[in-house]
Structures are given as C-alpha cells and as structure tokens.
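Chemist: Before I ask anything, here is the structure I am working with.
Rule-based calculations on the coordinates, nothing more; no lab input. What you are looking at is a predicted structure, and each value in this text was computed from that prediction instead of being measured. Cβ placement follows ideal geometry from the backbone for every residue including glycine, while neighbour counts extend to all protein chains displayed.
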C-alpha cells in the first residue's frame, strides 16, 4: 500500500462548500498547494471515489469538482506532482436521495416498488406513491425530529426509508415518532399486526384471484425462452465479431495513448529548450546583435560583448554552448573583415586609423594589425596616383574624332589611305556595337541572353541595383536620344544607326513597361483611398471616386509616355508598329485595367472589416429580443459596397474605357476591337459576380423567412376561419421587397430591374413549392391562399419575368378550384382586402 507523502508542498483541503449532497453535487474545494497550473493536478478523490475527470483547477487554492456515486462521510484527497498525496481537515457527507418517478437524478437509482402490503393490483395515480405510516399514527404535529447527523452516528449505514434495503426500525421511530408516547406505539404495533394477519392468504386463493396475471407471466417466459434459443444459435459469429471489435478498440486506444505520450515528450523537450534559451538569452542572441552592431559600425559594443561571452562561457564543455560560441566566432570574423575593409577606404584622420587597429587587436585578429594598416594606406596612395594618370590620359585623347576628319580631309599634311575607309567603318561599327552592348548589360541585361559566348566581355552587373536604374530610365532615354541625333547628323552608315535604333526601341519598350507597371502598382493601392462618397450619375447611378481616379491616372501615364517614350527622329520605328512591341504594349495596358478590377473586387468581396455578426433578414412574425443582440452596423454595409462597386464597373466599362481608348488613338496607337472587348469583359465579368453575390445575400434570407412566417402559431390551411385580410407573411414578403428596392435608389433602372426580377422569381418559386406541399385546403384556406398569392403577384408585377409568371401559375394551380359560389366569394374577398394593399405596395415598389 502506498504511503502518503507529506511535505511542505503537500496539498491540504481546509474548506468545502457544500458539506453534503447527493451524487453529482458541485463542490468548491479550498485549501493550499493545489499546484501552479492545471497540469500539476493528478487526482481528486471524494469519499474514496475518483472524481478527477470532473475536477476543474482554478488556482493554487481552489478546485471545483463533482461528487461521485459513493455514500457516507469521507475525506477529499488531492494529489499533485510536487506535493504528492495530500490531506484533508474537513469531511463531505454523500447521501442518496429518495428518487420519485418525476425527480431528476445524477446517477442511476433503482426504482423501489411501491409496497401496498396486498396482493391486489396497485393504483398508478401519483397519490399512490405517498407512503402511509405503517403504525397507522398521525405525524402531522411531530415537529421535534432528531437531527440526521445524530441518527448517522447511532445507526451507521442505516436508513429510515421503508423502501431501503438498509431500513432500520430504530431510525424510523426516532425520525417520525420521537414525541409519540409508549401507549400509542403499542396501539400502532397492534394495528400493524392486524394488517399483516388480514393480508395473509393461501397459495390457492392467490392463484385463483390472480389467474390472469399468472397466465400472462407463463406466456412471457415462453417467448423469452424462444428468443434466448434464437440468440444462442448465432453465438459463435456474434462472439467472433465482438472479439474483433474489442481488439480494434484496444489497438486504437494504444495508438491514441502513444500519440499522447509522444506529444507530451515533444512538449517537455520544447519546454526545456525554451527554458535554456530564456536563461542564456545573452549567449544565443549575441550573433544577431553582433551583425546589427557591425552594420551600425558600433565595434566598441561588439568588443565588449565578445569579451564578456568569452569570460562567461569560454571554459564550458556543454555542446550547445560550444556550438553557440562557434557561431559567435564566425560573426567576429565578419567584424574583423569589416574593420579591414574600413582600413582600405579613402584617407582618414590618424586617430581613426589608430582606433581601427586597436579594435583589430582587441578582437584577437591573427597577424600584425598595425602593419596591415600601413600596407592599406600605401596601396591607397598607389591607386590614387594611377587614377589621376588615367584621367589625364583620357583628356589628352579626346580630340581623336577631330584627328580622324583631318586625316581623311588631307589636313594632316599626309596623303590619306583610301583603303582604310572600310577599316574605319569596321572600327565604328565594332565600337558602336560594343557601346550599345555595354549599355544593355548595365540597364537592359535581359536583352543580352542570346550572346552567351561574349556575355562576360560586357560585364555582369548586380541585379540588386536594377530597381534604382529603372527609376532613371526616362532620364537615360533622353540622353540616348541626344546621342542618336548626333549620329544621324554626322551621316553614319545605316547599319550603325540600326544598332543604335534597336537599342532605343528596346529602351523605349522598357520605359513603357516600367511606367505602366508602376502605374499598375499604384492602381493596386487604390483600395486604401476609397472613402465611399457616392456621386449620383443620371445614366450610371451612384459611383465613387475610383473610376475617375483610374481615368486620371491613365491620362497621366499616357502623357508621360508621350513626353519620354515617343520617337523624335524620322528614322526611328514607332513602338506600336513593331509586332513584338505592339503585343507587349497592349498586354501592359490590359494588365493595368486588370489591376483596377482586382481593386474593385477586393472592395466588393473582402469582408475583413465587416462584423462577423452581420444581421440577416429575420421574420418579424417570429422576432425575439435576442435576434438583434450584439449586432453593430457599419457605416457602409456589404450590400452598399456591392452596389457601389457594381455601378463603378458599369461606369468604367461604358464611359471611362471608350474615352481612354480614344486618347490612345490620338497618340498613334491602333486599337483592335478584340482588345476593346477583352478589356470590357474584365468589368462585365466582375459585375456579374457581384450581381450573383448580392442576389445570394438578399434572396436566401428573404426566402428563408417565408415558410416560418406562413405557419407561425401553428397555422393550418385546412382550418375554418374568416378571411378578412392578407396574411402577415404576404405583407412581410412585400415589405422585404420594398426594403430591397429602397437600397437600390442609387442604382440605374436596368440594374434595378435585373436585381428585383431575380429576387421576385426566387420568391415566386418558394411560394409554388410551399403551395404544392399543402395536403388539403378548407374553403377559407383556399380563399386566403389565392388572395395572398394574387396580392403578391399584383404588387410585384413590375418585376415579374416569364419565369416568375410560371412559378405563380404553379402556385395557383396547386390550390384546388372552388365551386361557383366559393369562386364568387373569393373574388369579393380579393376586391375587399387585396386592392388597397396592392395599390400601396405598387406605389412603394416603383
């Protein structure tokens, strides 16, 4: 038997609430050392019953648990990881209540039969469950009862309940007849004996009086025997199947338990790793800190940290520490290289040189840092002198072109060699080709992919600087144009000009691509500037500022292209005339408008800023106060956003795009109809998606309220009633449609008709379905149903399509035809109760 471990961390229970109760009682346990977290709690025993599964750890001093099915007084013992098995200074008394046929119980309680002390059939009325006093004495005035705690001490494990198996007569007398005198008790004993003697009967007389019940029991036993024999025939198959199921359950339990153990081991390992990382945070974070300080140039901080970590962890043999120190040494190597690189920079003050050399010494740099500084300074002097020499040599040879003209013009006092004209052309061609390829390598490296053999001759520039070069492309283009104009004026050969014009064409295309890509990126950020201020247009409804911003942005781009990209010389090829560049240009323009549609799509469908509890249509007939609880409305709802974006798409496709395409034509771009249609399709496709989304938001909630509203208060079409008005569900349908129509006041009428027609068709389809499900109509129900459907149809006739008319006809055909008198009555009721409602609804739906 395990011994109780008592220590300073052992849990102690000092208080409970309540102190007694039946099984399932919620007990608040208070005390000390219940663990620092819920995982520290191992077990909770109440009166010897394991109640760990129901235990809820709240704090180191509080636990809430539910009592088990045990009975009697007992301790509450808590076991934790740190303290082991604890102790208890209070006790909880568990008892089983007498459970009647209508009382709830947390555990299974065997229902005791009601003893009537007779062989006759007992009554099943509720009054028959009330036990009479077996002594025939009245206990109405007996208020002086003995406390239950005293009775428990006198009669352990006893009970005063006549139906209990632990019934104790002494308990019963002390509980119910504590004040009854002895003579009355003797009289009660006599009464009990007379009742017992009066109820004794022989077996034969009992069988005669209960022959029907005995025969029923024999028949039941025979049926039970047949059922048992039938079950025994398939015992082997059932046993094998049960064995397989048990084996599968066992394997699954082992698998789950193994998974839990694995997760626990991983969690422990992660926890230990985090503990080490937290405790030695300085060591593990030092490599990144060294890198940051190197970038800042704070080498003094690096030296101090390095000295500190060497003194704290330099003599440790832990593998993790050694690995961290190795990484730190690598970073210190980077620091040494950075300081050496600073030594090679242009001249600095003597104090700065001295400081860098001292830093190298403190970082334990191999070699002689002082001599390294002297060598770096000497090398810098040599490079400076060579640069000055090259500079002046270039200035001296700058009149080479002038000399060439003088040579071929017989101005150099020598006869020109005519055979060198071809060599000169070759030199000019090779120099031009080399120059253009150098420029391509610097700013257009992707155009040199076809000359892999000579690619290295033109230099390979780092791609990290291309983003900066792109910003300077228009400026570079202007300088290239100036250079090209000079070449044209000096009448160079056409093959030389072709090389340069090809470079200019590629540069113009790159500028065009860069400008449009930057504009596309700017367009993609337009969703951040949307303020949802609606401007009403007579033809296109309520639009926001985005389409006009897009129009303005595109005009600015075209103006910039006209200023920087359009050709300025007669011999140049226009971008739109080259098949390859023409395709690239229109691809970029298409991408520009595609980015704008993505912005509109994000504004329409991105619901990240919407309340997750956005209100839906709820029937007013079944409304409760909880429906609108915790619902907050945004200034711009999802439906309003969808309508605004739909109008923006319509306005952009029909107004903005034609105007922008005209501006492109004025600048010389030939726009084909296929490109126009593809671009418009971007906006029409998005508009169709928004239309479907809006209809889904409106149709589903609206249609979902029809059936509950129709059958509210258990309404039945087969009941007899007097039709005096349109049913509330019909009014609610029309009011909901009016609500939808009111939201569309900023939408052009063609879109209004399209949206409303779709919703009305859906409502008509739902009415047709509901009418087809009705099994039987009374005359009043027939009149009421026809009046309701006809009123809804008449009120929504402005938006009914052919499809909707078919659904309304199906709904009316589902209602049986009345006789002539009923038909006349239906027409009279329709004229009286429908017409005013229809005319008022038509006025609101227009």
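Chemist: Hey, what's the Cα Rg ratio for the stretch 216-279 versus the globular rule of thumb, 2.2 N^0.38 Å? Walk me through the numbers on the way to the answer.
Modeler: Numbers: Rg = 26.1 Å, N = 64, 2.2 N^0.38 = 10.7 Å.
Dividing the Cα Rg of the stretch 216-279 by 2.2 N^0.38 Å gives 2.44.
Chemist: Below 8 Å, C-alpha to C-alpha, sequence gap of six or more: please give me the relative contact order for the stretch 685-767 in percent. Mind dumping the intermediate values first?
Modeler: On the way: 27 pairs, mean separation 39.3, N = 83.
Relative contact order here is 47 percent.
Chemist: Using alpha-carbon pairs under 8 Å, 6+ residues apart, how would you state the relative contact order of the stretch 153-201 in percent? Write out the running numbers ahead of the final one.
Modeler: Numbers: 20 pairs, mean separation 10.3, N = 49.
After rounding, I find 21 percent.
Chemist: Take the alpha carbon atoms of the stretch 498-517, find their center, do the same for the stretch 297-338, and report the distance between the two centers in whole angstrom.
Modeler: Going from one Cα centre to the other spans 52 Å.
Chemist: With a ≥ b ≥ c the root eigenvalues of the C-alpha gyration tensor of the stretch 12-94, is it rounded (a/c under 1.5), prolate (a/b larger than b/c) or oblate?
Modeler: On the way: a/c = 1.72, a/b = 1.60, b/c = 1.07.
Here the stretch 12-94 falls in the prolate category.
Chemist: Could you work out the relative contact order of the stretch 1-96, using alpha carbon pairs under 8 angstrom and six or more residues apart, expressed as a whole percent? Spell out each step's value before the answer.
Modeler: Numbers: 270 pairs, mean separation 36.5, N = 96.
Here the relative contact order equals 38 percent.
Chemist: Just want the ordering: 514, 89, from fewest to most Cβ atoms lying within 10 Å of their own Cβ.
Modeler: Values: 514 17, 89 12.
In order of increasing Cβ crowding within 10 Å: 89, 514.
Chemist: Can I ask one more? Under 13 Å from a label point 7 Å along Cα→Cβ of residue 36: give me every residue in the stretch 63-91 with its amide N that close.
Modeler: Zone members listed by number: 81-83.
Chemist: The stretch 674-777: D in µm²/s via Stokes-Einstein (Kirkwood Rh, Cα pairs, 4 °C, 1.567 mPa s)?
Modeler: 80
Chemist: Counting other beta carbons within 10 Å of each residue's own, what order do 551, 475, 714 fall into, fewest first? Working shown, then result.
Modeler: Details: 551 17, 475 9, 714 6.
So the residues, fewest neighbours to most, are 714, 475, 551.
Chemist: Please arrange 30, 331 by how many other C-beta atoms lie within 10 Å of their C-beta, fewest to most. Don't skip to the answer; put the middle values down first.
Modeler: On the way: 30 16, 331 19.
Least to most surrounded, the residues fall as 30, 331.
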